[in-house]
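Structure first, then comments.
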Amino acid sequence: MRSDLWNSQIESCLAQVKLQQRSAFEELYQLTNGKLYALTLKIIPDRELAADALQESYTKIWRNASGYRSDLGGGWAWICQLTRNSAIDRVRQAQRRPESPEDPLLDLLVGDDSGLWQQNHDLSRCLNKIREEPRAAIVSAYLYGLTHSELSERLQTPLGTLKSWIRRGLKELNQCLEA
Amino acid sequence: MSRSLRYRHPEIREHLASHYVLGTLSDRVRRRCERLIRRDSEFEARVYQWQNRMNRINDELDPIAPPARVWSNLQTLIDAGSSQYSQPSPRSGFWFALPFWRSCAALLLVLCLGLLLQPLQPLQPLQPTPPAIQAVNYMAVMQSVPAQSEPTMVITAYKGDAPGRSHLHIQWNERLSQEQLAGLSLWAISRETGEATDLGALSRAQSQRLLSKPEWLAIKDSAELLVVRGNAPDGPVLFRGPCLQLSPWQDQVSPG
């Protein structure tokens, strides 16, 4: 989990990027580029293409920061969602299927033995309450930006079953997170 | 059931918000969701909630340095902003049809902010490392209610170097026409108790407005600032913005 200080730096930068302050944009870039490149690489494993997508994401952050609603949620989450959406768009435009290498992070996030993942926050606690199959489907969809069909293929599960896992899994997740 | 009615159904809205964040929606449905986010603030809030929840996963990623060309290209793009960023946006209208004036006003805004952020620094040649600049201690970027596409003004607070010298300042977004400030009051909302502390008439903050100790402490402890019509905190809220601490400060012997 990022520190409160780091998050407040992001908020401060975004507030100033809304006013098109370049120095704040540069600071935001310094604070976030490593994480956002790692996030983009999960969806677009090719480093060069991922770098192009990252550049596009930052361009959108610069242009669309005024659309960020700090009263509704964190700036870091908003930036990550914007970056994921850009990367997903790129992957789909190129009609490329993401590769499916072994990923220790997925094991960490999904596996039952996930003591390494922070147990003290709500998402990991609630994910661990749902069955492993829906859990793997939800985390894989989020991490790799996979469509239902791609997930169905990757997890070797019929499409209907896969959709049902995700739908019910998210419902259970929502109930747990709101409890 | 028509699409607009369908999108009012709580379960469908929940499904859309969660799947939008997850990334599993088709491109067509995702675009529809994005239109819904823009015009339905309740749905937008649901999306933000899912965004915040799922974002914990991104915290587990180990950073990887991108190629240096990403930042250099971004700099070039921003430098060429007059052509890159002045393309007509989906918003239409007089302002957006005049890239030149828009760029001029943006430059003016940056200059104004530059002056605002260095209120006590005397004019002198540019140096690589600026000498003691008085840093902004607290800042609230104020949005109108309901929110427009751009923030309306920035309110900043500076800790004084002596008792009675802390002060408050407002700066309008030069891209927007300034509204009349008469009859508007400024309030700090406590992050602990939610109580509102009166910071006086907004018009007083147009020039450098000195703050009393209780007013400074109210800003320090505030979650957000509100501008309301009238002199009571329960009046109609016209502008609001979260209050951010941008730099640390040390208390004086007799703060204020």
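The numbers here are math on the coordinates, done by the rules we state, and not lab data. It should be emphasised that the depicted structure is a prediction, and the values quoted were computed from it without experimental measurement. Neighbour counts are summed over all protein chains in view; Cβ atoms, including those assigned to glycine, are modelled from backbone coordinates with ideal geometry.
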For chain A, just give the cysteines left without a disulfide-compatible partner, judged by no other Cys Cβ under 4.7 Å. A:C13, A:C80
Table column - 3J(HN,Hα) (Hz), region B:9-24, Karplus curve with 6.51, -1.76, 1.60, x for Gly and Pro: 6, x, 5, 5, 5, 5, 4, 5, 4, 5, 6, 4, 5, 5, x, 8
Karplus-derived HN-Hα couplings along region B:29-41 (A = 6.51, B = -1.76, C = 1.60, θ = phi - 60°), whole Hz, x at Gly and Pro: 5, 5, 4, 5, 4, 5, 5, 5, 4, 5, 10, 10, 5
Taking amide H positions as placed in the peptide plane 1.01 Å from N, state which residues far from B:G241 in sequence (5 or more) or on other chains have amide H under 5 Å from it. B:Q143, B:L225
With only helices counted (DSSP H, runs n ≥ 4, each -39500 (n - 2.57)), the per-residue ellipticity at 222 nm for chain A, to the nearest 500, works out to -22500 deg cm²/dmol
I need A:E172, B:E215, B:E179 ordered by Cβ neighbour count within 10 Å, fewest first. B:E179, A:E172, B:E215
Determine which lysines satisfy two conditions relative to A:K42: a Cα distance under 27 Å, and not lying fewer than 8 residues away in the same chain. A:K60, A:K129, A:K163, A:K171
